[in-house]
Amino acid sequence: MAELRSKVPQGPVAEKWTRYKAQQNLVNPANKRKLDVIVVGTGLAGASAAASLGELGFNVSIFCYQDSPRRAHSIAAQGGINAAKNYPNDGDSIYRLYYDTIKGGDYRAREANVYRLAEVSNAIIDQCVAQGVPFAREYSGLLENRSFGGAQVSRTFYARGQTGQQLLLGAYGALSRQIKEGQVKMFNRHEMMELVLVDGKARGIIARDMITGKLERHSAHAVVLATGGYGNVFYLSTNAMGSNGSAIWQAFRKGAFFGNPSFTQIHPTCIPVHGDYQSKLTLMSESLRNDGRIWVPKRKEDAEKIRNRTMKANQIPEENRDYFLERRYPAFGNLVPRDVASRAAKERCDAGFGVGDTGLAVYLDFADSLKRLGKAVIEERYGNLFQMYEKIVDENPYENPMMIYPAVHYTMGGLWVDYELMSTVEGLFVTGEANFSDHGANRLGASALMQGLADGYFILPYTLQNFLAGQIKVPRISTDKEEFAGAEKAVADRIDKLMSVKGKRSVDHFHKALGKIMWEYVGMGRTADGLKKAIGMIRELRKEFWKDVRIPGKATELNPELEKANRVADFLELGELMALDALNRNESCGGHFREEYQTEEGECLRNDQEYMYVATWEYRGEGQYEMHKEPLVYEELEVKQRIYK
Ligand SMILES: Cc1cc2nc3c(=O)[nH]c(=O)nc-3n(C[C@H](O)[C@H](O)[C@H](O)COP(=O)(O)OP(=O)(O)OC[C@H]3O[C@@H](n4cnc5c(N)ncnc54)[C@H](O)[C@@H]3O)c2cc1C
């Protein structure tokens with residue numbers, strides 16, 4: 001069995017990273033030229049890593065399944081990126097960002113990693129400004145900040161509602177420079193299908209050229225997975241349609257442990273589901289909660305009239321509105337963390353106060369801010385988001401409040417990594433949303449971009465180098481080795497198996513069915529009975545999939561149905577592991593809400609005695625998983641109940 005060693009350095013939490021950097025092993029320039037690294041993923045985590053490793057002098061190959069690295073899902077990120085610069089002088093510090101992140105994650109994250117994240121956050125902003133990322137500025141020219149959930153300070157840097165796009169263009173610029181220098185080789189339209197291990201170490205991948213269907217072997221001294229999150233296991237989510245969990249699932253099957261698979265973030269401000277044929281949900285950025293106020297009618301009869309379309313939101317007088325977040329959480333108000341806001345919205349809707357045709361929506365209202373700030377300011381801050389809302393819902397959000405409802409958005413779970421971001425497979429590193437690290441049971445808004453870029457620009461260049469220092473005597477890995485041949489054959493066999501099912505149902509049919517099970521039983525509210533039911537249903541669905549899926553076309557050509565089928569086959573296994581993990585954790589924490597474990601006020605009831613650990617799962621064959629625990633020890637912070645009142 002692989003060993004679960006977090007490798008957290010000794011010493012006070014604020015000194016650990018400095019000590020690590022002082023003591024890590026380095027590789028000299030001549031040896032760097034002899035060492036190869038594969039990076040899978042060109043989102044913020046992958047592009048920043050490949051650019052930095054290329055700049056250091058390693059030979060990097062980078063892969064993505066899109067036609068351009070710029071199309072990675074990171075481009076969709078809207079609201080902003082956190083850093084502890086304290087520009088507004090409102091009391092922020094590295095310590096406070098670290099504290100807010102640990103508390104936000106409901107004390108289920110590794111303390112040393114979170115401190116390091118807060119520590120490097122400021123350097124990220126400097127790096128991105130140097131790249132020319134056009135962050136919003138105040139009139140005086142200084143970078144502007146806004147607030148995000150779970151914090152009482154303003155520490156979020158942003159570029160309108162397009163922060164991810166601008167950051168990715170910055171990272172892409174850095175990556176392109178290395179591509180031109182010949183340090184990085186780019187493989188667009190290549191999907192990783194299998195991890196190759198040689199003597200137990202990650203030494204390469206099998207990739208499929210998605211245009212020709214040809215399988216290719218690629219070798220390296222180390223492999224980095226920056227392949228994003230797996231929220232699309234729920235079918236409907238705010239993630240890009242292509243986002244999937246297959247790369248990390250392949251690594252899981254090869255021995256990389258999976259950390260906290262059930263920890264999923266449900267974002268409170270998304271455009272509600274509006275029909276059965278929908279395949280995507282749209283996020284309305286959390287930044288909107290800076291100026292928008294969330295409410296539902298106080299009286300059920302008003303809510304009913306709104307649902308019947310006999311009344312409009314603006315006809316409800318102020319005294320008949322329930323600003324339920326401000327009422328329940330006066331200290332944080334509309335800026336409580338996402339899990340708290342999502343549950344509160346669900347509670348109001350379940351109690352019969354929901355609006356919209358389905359009753360599964362609450363209002364996000366800008367009337368006050370429009371009066372206070374004027375339309376021009378609101379437009380400058382959120383113009384593109386308002387426009388997106390109007391295009392989708394066909395209502396003008398400057399005149400009527402937006403309607404929003406929680407939706408699956410982010411996965412805190414992912415491959416388990418140690419302090420060096422290495423998985424339990426030696427030489428396999430995992431960064432960005434693909435790893436389990438840093439956010440515990442709930443990620444704070446604007447912290448994913450921070451983590452992905454921290455991993456790629458500032459952490460991996462040190463920790464991966466430390467690993468590679470031990471590989472300088474290892475000659476370039478030949479892809480003629482039997483391990484590569486075996487892995488390639490396994491991929492070819494699986495593709496054959498999928499193509500030869502020749503059933504009657506589309507891939508989407510199964511994906512949608514899985515999504516319904518996941519949302520119903522492994523979504524915002526979970527119970528032991530529901531989770532057991534889900535496990536049985538997923539197993540049945542998986543059997544049906546392998547009997548009845550239909551993939552038109554051939555494997556030797558561009559075949560989007562085959563691509564989807566591969567990913568859905570993995571989701572059908574991953575969904576079961578998520579349910580198992582949620583069933584194991586007999587407590588509520590962050591986004592993991594087990595209905596049996598709640599306080600009288602409906603808040604999460606943690607069980608620190610028994611569950612203060614990362615649940616890491618080991619693959620023991622399909623549907624057979626063994627759990628190992630990484631205990632969480634807080635040396636610096638006092639562990640408390642999480643209160644936002
Ligand atoms: C709508 C939306 C808005 C958001 N807004 C914010 C925000 O304002 N602030 C914030 O901090 N966070 C935000 N997030 C979260 C954040 O965008 C993501 O967590 C982050 O961008 C993930 O980056 P990543 O580099 O880890 O992965 P991704 O950007 O998802 O990139 C994954 C990469 O891996 C590649 N890949 C995956 N599998 C394979 C494979 N098998 N073979 C080859 N390549 C593969 C893909 O091609 C892609 O290049 C938002 C998320 C959404 C959905």
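Summary table below
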read-out: Hits in region 54-82 (condition: within 6 Å of the ligand (Cβ to nearest atom), assigned to a helix (DSSP H, G or I) and over 24 Å from Asn122 (Cβ atoms)); value: His73, Ala76
read-out: Residue satisfying condition, being within 22 Å of Asp67 (Cβ to Cβ) and more than 8 Å from the ligand (Cβ to nearest atom), within set Arg189, Arg203; value: Arg189
read-out: Matching residues, region 206-237, being hydroxyl-bearing (Ser, Thr, Tyr) and crowded, with 24+ Cβ neighbours inside 10 Å; value: Thr227, Tyr230, Tyr235, Ser237
read-out: Complete set of residues in region 356-368 that are closer than 22 Å to Asn290 by Cα and not charged (D, E, K, R); value: Ala361, Val362, Tyr363, Leu364, Phe366, Ala367
read-out: Failed item, numbered, when Leu44 is tested on (1) touching a strand residue (DSSP E or B) at 6+ places or on another chain (Cβ under 7 Å); (2) near the ligand (Cβ under 7 Å from one of its atoms); value: (1)
read-out: Filter pass, Tyr115 being in the same structural domain as Tyr87 (by TED's automatic domain parsing), touching a Pro at 6+ places or on another chain (Cβ under 9 Å), crowded, with 23+ Cβ neighbours inside 10 Å and over 27 Å from Asp291 (Cα atoms); value: no
read-out: Test: Gly602 is of a type outside the set (Ser, Thr, Tyr) and closer than 26 Å to Ala251 by Cβ; value: no
read-out: Complete set of residues in region 137-176 that are out of contact with any helix residue (DSSP H, G or I) (no Cβ under 7 Å at 6 or more places or on another chain) and of a type in the set (D, E, K, R); value: Arg137, Glu138, Glu144
read-out: Lone unmet requirement of (1) crowded, with 21+ Cβ neighbours inside 10 Å; (2) without any contact (Cβ under 8 Å) to a residue 12 or more places away in the chain for Glu482; value: (1)
read-out: Sole residue being modelled with pLDDT under 95 and either farther than 27 Å from Lys32 by Cα or not hydroxyl-bearing (Ser, Thr, Tyr) (or both), chosen from Ser447, Ser500, Ser437; value: Ser437
read-out: Qualifying residue in region 95-106 (condition: in contact (Cβ under 8 Å) with a residue 12 or more places away in the chain, part of a loop (DSSP other than H, G, I, E, B) and not assigned by TED's automatic domain parsing to the domain that holds His592); value: yes
read-out: Some residue of region 37-52 being within 30 Å of Tyr139 (Cα to Cα) and either in contact (Cβ under 8 Å) with a residue 60 or more places away in the chain or surrounded by fewer than 19 Cβ atoms within 10 Å (Cβ to Cβ) (or both); value: yes
read-out: Meets criteria (under 22 Å from Gly229 (Cβ atoms), polar (S, T, N, Q) and either assigned by TED's automatic domain parsing to the domain that holds Tyr457 or within 16 Å of the ligand (Cβ to nearest atom) (or both)) for Asn89; value: no
read-out: Single unsatisfied condition, Val233 versus (1) more than 21 Å from the chain's Cα centre (by Cα); (2) of a type in the set (A, V, I, L, M); (3) more than 13 Å from the ligand (Cβ to nearest atom); value: (1)
read-out: Odd one out for Leu26 among (1) among the hydrophobic types (A, V, I, L, M, F, W, C); (2) out of contact with any helix residue (DSSP H, G or I) (no Cβ under 8 Å at 6 or more places or on another chain); (3) more than 16 Å from the ligand (Cβ to nearest atom); value: (2)
read-out: Glu399 being within 22 Å of Ser48 (Cβ to Cβ), more than 19 Å from the chain's Cα centre (by Cα) and either modelled with pLDDT under 95 or away from the ligand (no atom under 16 Å from the Cβ) (or both); value: no
read-out: Every residue from region 531-576 that is within 18 Å of Glu191 (Cα to Cα) and part of a helix (DSSP H, G or I); value: Pro560, Glu561, Leu562, Glu563, Lys564, Ala565, Asn566, Arg567, Val568, Ala569, Asp570, Phe571
read-out: Pairs, first near the ligand (Cβ under 10 Å from one of its atoms) in region 141-169, second of a type in the set (Ser, Thr, Tyr) and modelled with pLDDT under 95, C-beta under 6 Å, six or more apart; value: Gly161/Ser285; Gly161/Tyr382
read-out: Subset of region 335-354 [at pLDDT 95 or above, farther than 16 Å from Met524 by Cα and not aromatic (Phe, Trp, Tyr)]; value: Gly352, Gly354
read-out: Residues (within 10 Å of the ligand (Cβ to nearest atom) and closer than 21 Å to Leu421 by Cβ) located in region 210-229; value: Leu225, Ala226, Thr227, Gly228, Gly229
read-out: Total residues in region 418-467, condition touching a Gly at 6+ places or on another chain (Cβ under 8 Å), among the hydroxyl-bearing types (Ser, Thr, Tyr) and more than 16 Å from the ligand (Cβ to nearest atom); value: 1
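The values are calculated or read from the model by the stated rules, or taken from the named source; none is laboratory data. As the structure is a computational prediction, the values presented were derived from the model and not from experiment. As a convention, Cβ positions derive from the backbone with ideal geometry for all residues, glycine included, and neighbour counts pool all protein chains shown.
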